[in-house]
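Here's the structure we're looking at; comments come further down.
The values are calculated or read from the model by the stated rules, or taken from the named source; none is laboratory data. No experiment lies behind these values; they were computed from the predicted model shown. Glycine also receives a Cβ, built like all others from the backbone with ideal geometry; neighbour counts cover every protein chain displayed.
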Amino acid sequence: MKAEGKTRRGRRLWTLGMCAALAVTVLSASAQAQQGPTALRGTAGGADSPGAYGSASAVAAAKPTWRPTPAGTDVRFRGLAAVGRKAAWVAGAEGTVLRTSDGGRSWRDVSPPGASGLEFRDVEAFDTRRAVVLAIGEGDASRVLRTDDGGATWTETFRNDEPGAFYNCVSFFDRRNGLAVSDPVDGRFRILATSDGGRSWRVLPDSGMPDALPGEAGFAASGQCLVTAGARDAWLSTGGGDHARVLHSRDRGRTWEAAAATIPAGDPARGVFGLAFRDRHHGLAVGGDFTPELPSPHAAAVTGDGGRSWRPSDQPPPAYRSGVAWLPHSRSAALAVGPTGTDLTRDGGRTWETVDTGSYDTVDCTRAGTCWAAGEQGRIAVLARR
């Protein structure tokens, strides 16, 4: 099945279907205060000291690998939030949400009642009790739900009523302020905002949003197409158009500036899939073509000016990658992940080395240095050193 010539609806079905045939590991950077919701994930479980998996430099030197933990299900997880040394949330297909508080020895099913028809692709957790999950899809399939009691009860806080909208990712600056992004509506990406921790949402005016390119959209592959750093900066990644772009907002989503990325696009299956910023200036982008067996040259890029310009990695990952994250407390080490493996950089994204061949869809780390991955067939794993 080819992605060429697809309509926007076709691209979305391709993302839901064909992309679901892949395994993508996404490592969303946590632990850094500059990284918005990931800072919450790193601190919510308490003042963690460096944990069992060591410092960022130790992990980088040891060539990390993933140690699976039993989840008791075979659904696919694309959303994950690490909130402490032993606590994490995952969200995925069939409206499934799981939570652990014992380092993955056991996972508790805390799925919202009646949500089996929803496709969860992102979860943002503030601590072991409070979390927000995003369901993707056209029209009213795009929804946001929140829990304040560890998943015992859930409240639907947003249901999309715009037929042309399709929400892909959600991200928070802090415990109250966050954004969600939809594919273009009437020619511009649509931004949803909250100022009360996801209890209510409003659509922001699109007057400050540049026009979308023909065929341009986001990718709901891992929850990393929208990221934040600090109190006001946000970035969103795109593909599908003639060229991939990264859009940057300095005012919590009210206005945006677009910059061309060096990762190839020009097809509904190609573009930038994942972003990670360790501060307002230094960022990484990964992507490529998620079509199975197709090559993805130039699958990574770096910026040192807040996303105003991007340059390709000198030695990129060998294949498509949809997720990338800075290792906690590191200014130069990061991981990029995808269906064929995990790659490590020790020089800020200039060169990458494959360190694991496992398949996952999403990953997150805590301030303590504990990292989790989740993906197809109910796979959830913890980063270990060998």
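Could you tell me which residue of the range 65-81 is modelled with the lowest pLDDT, considering only residues that are more than 14 Å from Asp122 (Cβ to Cβ) and not hydroxyl-bearing (Ser, Thr, Tyr)? Ranking the qualifying residues of the range 65-81, first place goes to Trp66.
Here is the figure for the range 188-210: residues that are surrounded by 13 or more Cβ atoms within 10 Å (Cβ to Cβ) and either part of a loop (DSSP other than H, G, I, E, B) or in contact with a helix residue (DSSP H, G or I) (Cβ under 7 Å, 6 or more places away or on another chain) (or both) total 12. Please count how many residues of the range 332-343 are within 17 Å of the chain's Cα centre (by Cα) and closer than 18 Å to Leu275 by Cβ. Residues in the range 332-343 being within 17 Å of the chain's Cα centre (by Cα) and closer than 18 Å to Leu275 by Cβ: 7 in total. Within this structure, Arg346 passes the test of being more than 18 Å from Gly274 (Cβ to Cβ) and either within 18 Å of the chain's Cα centre (by Cα) or charged (D, E, K, R) (or both). Only strands (runs of 3 or more DSSP E) whose full extent lies in the range 116-159 are considered here, and the ones with at least 2 residues that are modelled with pLDDT of 95 or more and within 15 Å of the chain's Cα centre (by Cα) are 119-125, 131-136. Ser237 falls short on exactly one of the conditions (1) polar (S, T, N, Q); (2) in contact with a Cys (Cβ under 7 Å, 6 or more places away or on another chain); (3) surrounded by fewer than 22 Cβ atoms within 10 Å (Cβ to Cβ), and that condition is (3). Within the range 359-373, residues that are more than 8 Å from Leu383 (Cβ to Cβ) and in contact (Cβ under 8 Å) with a residue 60 or more places away in the chain have Cβ atoms under 7 Å from residues that are part of a loop (DSSP other than H, G, I, E, B) and acidic (Asp, Glu) in these pairs: Thr366/Asp48; Arg367/Asp48; Ala368/Asp48, counting only partners at least 6 apart in sequence or on another chain. State which residue is surrounded by the fewest Cβ atoms within 10 Å (Cβ to Cβ) when the search covers only the range 112-150 and only residues that are within 19 Å of Gly84 (Cβ to Cβ) and free of Cβ contacts under 8 Å to residues at least 60 places away in the same chain. Step by step, filter the range 112-150, then rank; the result is Asp149. Going through (1) touching a strand residue (DSSP E or B) at 6+ places or on another chain (Cβ under 7 Å); (2) within 19 Å of Ala87 (Cβ to Cβ) one by one, Val337 falls short only on (2).
Note on the range 253-291: residues that are within 19 Å of the chain's Cα centre (by Cα), under 18 Å from Leu179 (Cβ atoms) and not aromatic (Phe, Trp, Tyr) total 7.
Of the residues Ala319, Ala285, which single one is buried (at least 18 other Cβ atoms within 10 Å of the Cβ), out of contact with any Lys or Arg (no Cβ under 9 Å at 6 or more places or on another chain) and either among the aromatic types (Phe, Trp, Tyr) or farther than 28 Å from Gly84 by Cα (or both)?
Working: Ala285 fails: either among the aromatic types (Phe, Trp, Tyr) or farther than 28 Å from Gly84 by Cα (or both).
Testing whether each residue is buried (at least 18 other Cβ atoms within 10 Å of the Cβ), out of contact with any Lys or Arg (no Cβ under 9 Å at 6 or more places or on another chain) and either among the aromatic types (Phe, Trp, Tyr) or farther than 28 Å from Gly84 by Cα (or both) leaves just Ala319.
The set of residues in the range 240-282 that are surrounded by fewer than 19 Cβ atoms within 10 Å (Cβ to Cβ) and touching a residue at least 60 places away in the same chain (Cβ under 8 Å) comprises Asp279, Arg280.
Filtering the range 65-95 to residues that are outside any loop (DSSP other than H, G, I, E, B) and more than 17 Å from the chain's Cα centre (by Cα) leaves Thr65, Trp66, Arg67, Pro68, Thr69, Glu94, Gly95. When Pro163 is tested against (1) in contact with a helix residue (DSSP H, G or I) (Cβ under 9 Å, 6 or more places away or on another chain); (2) buried (at least 20 other Cβ atoms within 10 Å of the Cβ); (3) over 20 Å from Tyr360 (Cα atoms), exactly one condition is not met: (2). Scanning the range 334-354 for residues being at pLDDT 90 or above, outside any loop (DSSP other than H, G, I, E, B) and not charged (D, E, K, R) gives a total of 4.
Take Asp183 and tell me if it is in contact (Cβ under 8 Å) with a residue 40 or more places away in the chain and buried (at least 19 other Cβ atoms within 10 Å of the Cβ).
Details: in contact (Cβ under 8 Å) with a residue 40 or more places away in the chain: yes; buried (at least 19 other Cβ atoms within 10 Å of the Cβ): yes.
So Asp183 passes the test.
Being more than 20 Å from Gln377 (Cβ to Cβ) and not aromatic (Phe, Trp, Tyr) narrows it down to one of Asp109, Asp148, so name that one.
Working: Asp109 fails: more than 20 Å from Gln377 (Cβ to Cβ).
None of the other options fit; the residue is Asp148.
The numbered conditions (1) touching a strand residue (DSSP E or B) at 6+ places or on another chain (Cβ under 6 Å); (2) crowded, with 24+ Cβ neighbours inside 10 Å are all true for Glu353 except (2).
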